1. Using the structure shown, decide if N79 is surrounded by 10 or more Cβ atoms within 10 Å (Cβ to Cβ) and either of a type outside the set (A, V, I, L, M, F, W, C) or not in a helix (DSSP H, G or I) (or both).
2. Looking only at segment 45-68, filter to residues that are modelled with pLDDT of 95 or more and basic (K, R); which one of those is farthest from K90 (Cα to Cα)?
3. Criterion first (loosely packed, with under 11 Cβ neighbours inside 10 Å, of a type in the set (G, A, S) and not in a helix (DSSP H, G or I)) does A10 satisfy it?
4. Take the residues in segment 66-76 that are within 15 Å of T35 (Cβ to Cβ), free of Cβ contacts under 8 Å to residues at least 40 places away in the same chain and under 10 Å from the mean Cα position of the chain (by Cα); name whichever of them is surrounded by the most Cβ atoms within 10 Å (Cβ to Cβ).
5. Scan segment 23-43 for residues that are exposed (fewer than 13 other Cβ atoms within 10 Å of the Cβ) and either over 14 Å from the mean Cα position of the chain (by Cα) or modelled with pLDDT under 95 (or both) and jot them down.
6. Only residues that are surrounded by 15 or more Cβ atoms within 10 Å (Cβ to Cβ) and closer than 19 Å to N29 by Cα: list them for segment 44-63, please.
Amino acid sequence: MHPHLGNDMANHNSALKRIRQSEKKRLRNRYYHKTARTAMKGLRNEEDKKVATEQLPLVISLLDKLVKKNIIHKNKAANLKSKLTKHVNKLA
């Protein structure tokens with residue numbers, strides 16, 4: 001029995017396929033989201049301004065990809081990018 005499906009298992013081929021697809025998509029989205037979060041964490045913990053300045057565009061790009069894939073809302077991405085940019089600019 002699959003953890004996300006409960007006991008009322010669907011019996012139609014289309015429903016079964018939909019379940020397989022959405023599970024794949026869920027794992028893929030989780031991977032993308034987690035990768036971006038880890039990158040943000042790394043950028044927040046970075047002390048060296050030069051390294052942080054190099055990392056920022058890469059992290060912003062990851063966030064934009066999450067928006068494009070509909071994993072996070074564009075305003076959330078904008079807020080995160082703003083905060084991270086402020087953080088990088090504050091570094092000595």
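1. So N79 fits the description; yes.
2. Checked segment 45-68; the qualifying residue farthest from K90 (Cα to Cα) is K68.
3. No.
4. The residue in question is L66.
5. Answer for segment 23-43, where residues must be exposed (fewer than 13 other Cβ atoms within 10 Å of the Cβ) and either over 14 Å from the mean Cα position of the chain (by Cα) or modelled with pLDDT under 95 (or both): just K24.
6. Of everything in segment 44-63, those that are surrounded by 15 or more Cβ atoms within 10 Å (Cβ to Cβ) and closer than 19 Å to N29 by Cα turn out to be V59, I60, L62, L63.
The values are calculated or read from the model by the stated rules, or taken from the named source; none is laboratory data. Please read all numbers here as calculations on a predicted model, not as lab measurements. Methodologically, a virtual Cβ is constructed for each residue, glycine included, from the backbone with ideal geometry; neighbour enumeration extends over all protein chains shown.
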